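One structure is given below, encoded as structure tokens.
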Amino acid sequence: MAGEATAGTWSYDGYDPAQERLREALCALGNGYLGTRGALPECDADEVHYPGTYVAGCYNRLVSRVAGREAENEDMVNLPNWLPLRFRVPGGAWLTPDTAPVLGHRQVLHLDAGLLERRTRYGLGQGRALTVRQQRVVHMADPHLAALRTEFTAEGITAGLELEVEASIDGGVTNAGVARYRDLDGRHLTHVHTGTGSGNGTVWLRCRTRTSDIRIGTATRLAGDAAAGPVAVRHGHGRVTQELRLTLAPGRTATVDKTAALHTSRDPAISDPLRAATDRVTAAPGFEELLETHLTAWDQLWRRADIDVPGEPGRILRLHLFHVLQTLSPHTADLDVGVPARGLHGEAYRGHVFWDELFVLPYLNLHFPEVSRALLRYRHRRLERARAAARAAGRRGAMYPWQSGSDGREESQRLHLNPHSGRWLPDHSRLQRHVGSAVAYNVWQYCQASGDAEFLHTKGAEMLLEIARFWADSATWDESLGRHRILGVMGPDEYHDAYPDSGRPGLDDNAYTNVTAAWVLTRALETVRTLPEPRRRELAERTGLDGGELEQWEDVSRTLYVPFHDGVISQFEGYGDLAELDWAAYRRRYDDIRRLDRILEAEGDTVNRYKASKQADVLMLGYLFAPAELASLFSRLGHRLDDDIWRRTVDHYLDRTSHGSTLSGLVHGWVLARARRAETWTFVQEALRGDIADVQGGTTGEGIHLGAMAGTLDLVQRGLTGLETREGALWLDPVPLPELSSYGFAIRYRGHWGVRLRMRHGHMEIAVPQSDRSPIDVRLPGRAVCVPPGRTCRLLLPD
Ligand code: BGC
């Protein structure tokens, strides 16, 4: 069952072990620096529960032996657990929902407040019950702090009831949150030491990661109210525990507050992480005061990211926004981190950074441009590594990795497990070279939306240039076709990694790769040509760029090959020769065919033989480029892309995609909206349900799908409004969507904070707040208006 939602909350009623991991992910709290899953503090990690705490960018690599081979993997590390707090009547068993009678259980995520509340009534026998109410925050103003308030109330008692409470920091945790990875070593922490702080009621735990040697300090402070006795401390087995006794009086509530601070040696402005954590927790104010500053920080975030969409879609969008902001908050602007595909919410994909930022930055650009800039700087800091990767592959320029982690080397696994067949199989996903175009696209979009010429002229230009250079050098001339080709790659559709019966991985002329490569080359040329002259000279001196190379880019950008078959764009050369899959038969035989690749492999077949895609590939072009831009890109490549060809292409892939990635429904919804098609709403709903209904069958519990979450926000922001930021103007071309005819949001655009756009009853309203900035140049089809600060403009939209 999906969570129940009211305007500002997301809640779950009743205890359901089968749902627990999903709830833990969707009720995770974070602040961009730190994330903690919504696990129950009285439960240890087991088959049902999985507490996890992660710090953005904190990775460690380990070597394991699987299938007779050595596999090296880098993981976002599950850090010491600050959460544990258990309780029992002395002499009885510790109370957990798995061991004690649960008379009631409710978990409420307060989105506006960034607060997780749970209330559980445990039966104690003889007509007695204990209600445990907890409020938890991961602090949005001070990213190193978290706090847990626990209130105990006993019923059915006539005299005081004794309760034993234990609060710990657990350094014995491992990365064990993803069943598929369990054959791999998950013990990332070592040298665990514990101690008692000099501050009142504080204890600490320090440790370090085994190979990346990141030192971690966690400190907690425990404070009970008048009902509590003195606090005792126990050390041992990689954990430190504080014990206290409460006397619960009839009708009275007793409160215990646990405050936690966490630092790692990657943090700036600290001496050492342990000292920083103990100092911070000692200086932290009480729960109420912490809550106050936390609420103010959240209030400010919501104002900056305001989105107003009515009904159920609106509530889901707010949940998505909540998790995006918890993963990438203004604190991220100060960190050296990328966009983790599964948030700070779980261990799937090991916290790695893929091309998913393509679905995240366009949203952030218009609300938190400084965060986008930081995420692009993460890429820029790893440009040298990407250059080295290109060199090692015998190419010029920069080859960004498909999966990136700490230092920007290729982190994609070499083997992956098919849980259906139990076989470890070669993983060729690293051939998705198109990730470089995603980086370039984001550089360009960020600069267009923010007007940050400084970035474009410096780091942005360097990345564009080196990525373009890589494409130009990857393209080979085919005399018989009279075209340049890019051979041996994979497109976004991960089902196809080789030609059937070929001994060599990779495919030729993936249309998405070639068209985006042509786009990158075009943009790089434009950037180099428009750079201020002194800067152009510097760049040329540093990179050895000369006129000959620019001519080559020009040539390749016009001659890259785009394959077609049966009047539609082919996903890659030879795609048209693949067999048709009997979709109906597979749908009859399997409940869920989203992971057709695994099903077919387990049957001894391979999805490489079929015209079947996991996710949008060719259609990604309709996501990245508005129709006019796409048509002009094709025309530059010497092809006519009219509405008819595009419609047939959309239909072709619509019928042949299993949506084995949450990104797929999103892109299809977007593309269909732009093509003004009736099926749009079905896909928009699929994209909205992706995580809350866990449509990929158990994957959300391993971490949210950040790209799809941010993508749905951007679907409203840019997809439905047709919003583009280019040539210094704000372009709008709203799509009529009967199911969503009224909505509004605020954006930050080129120094204008809180520009409000509202769509209602065939009208569009644009309100620009008072400031000393220049008026905003707004372009709609066939119309241009200039909206000065302090003015609201109301426009009637064409039918
Ligand atoms: C998708 C990729 C995506 C990755 C991380 C995969 O399932 O196929 O496109 O980048 O998940 O989210």
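For Arg409 and Arg756, the difference between the fully extended length at 0.36 nm per residue and the C-alpha to C-alpha distance is 120.8 nm. Rounded to 0.05, the FRET efficiency of the His237 and Asp643 pair, given R0 = 60 Å and the Cβ-Cβ distance, is 0.35. In this label model, Asp308 and Ser742 are separated by 1.0 nm, measuring between points 7 Å along each Cα→Cβ vector.
Kirkwood radius, the stretch 740-796, all distinct C-alpha pairs, inverse of mean reciprocal distance: 11.7 Å. Does anything in the stretch 739-758 have its amide N under 17 Å from the 7 Å Cα→Cβ label point of Gln770, and if so which residues? So the set is 752-756. Listed by number, the DSSP H helices of the chain that run 24 Å or longer by alpha-carbon position along their axis and have mean Kyte hydropathy of at least -0.5 are 311-327, 511-530. The aspartates and glutamates whose alpha-carbon is closer than 18 Å to the alpha-carbon of Lys459, local same-chain residues fewer than 8 away aside, are Asp334, Asp336, Glu357, Glu370, Glu384, Asp407, Glu526, Glu533, Glu538, Glu541.
For Ala388 and Asp555, the difference between the fully extended length at 0.36 nm per residue and the C-alpha to C-alpha distance is 57.6 nm. Its Cα gyration tensor gives the stretch 305-719 an equivalent ellipsoid; the semi-axes, largest first and in whole Å, are 31, 26, 21. Using Cβ point charges alone (K and R +1, D and E -1), the dipole size of the chain about the Cα centre works out to roughly 1060 debye.
For a Förster distance of 35 Å, can you work out the FRET efficiency between the beta-carbons of His420 and Thr99, rounded to the nearest 0.05? Calculated value: 0.55. The label-point distance for Trp583 and Ala283, in a model that sets each label 7 Å from Cα toward Cβ, rounds to 6.0 nm. What nm value, rounded to one decimal, do you get for the distance between Glu370 and Arg504 when each label is placed 7 Å out toward the C-beta? Label-label distance for Glu370 and Arg504, simple model: 5.0 nm. The alpha-carbon positions of the stretch 182-296 define a convex hull whose volume is 171 Å³ per residue. Here the ratio of the Cα radius of gyration of the chain to 2.2 N^0.38 Å is 0.98. Adding -39500 (n - 2.57) for every DSSP H run of four residues or longer, then dividing by how many residues the chain holds, sets the calculated 222 nm ellipticity at -9000 deg cm²/dmol. Let me have the relative contact order for the chain, percent, based on Cα pairs under 8 Å that are six or more residues apart. Relative contact order for the chain comes out at 11 percent.
The C-alpha atoms of the stretch 1-150 occupy a region whose extents along the principal axes are 58, 38, 31 Å, arranged from largest to smallest. When the charge dipole of the chain is built from unit charges on Cβ atoms (+1 for Lys and Arg, -1 for Asp and Glu) and taken about the Cα centre, the candidate among His659, Phe470, Ser774 whose Cα reaches farthest toward its positive end is Ser774.
Shown here is the pair-distance distribution of the stretch 4-303: with all Cα-Cα distances grouped in 20 Å bins from zero up to the longest one, the shares run 34, 58, 8, 0 percent. Simple point charges give the picture: +1 on the Cβ of Lys and Arg, -1 on the Cβ of Asp and Glu, and for the stretch 4-303 a dipole about the Cα centre of about 420 debye.
All of the numbers you see were taken from the coordinates with simple rules; none came from a lab. None of these values were measured; they are calculated from a predicted model. Here the Cβ is made from the backbone with ideal geometry for all residues, glycine too, and neighbour counts use every protein chain on show.
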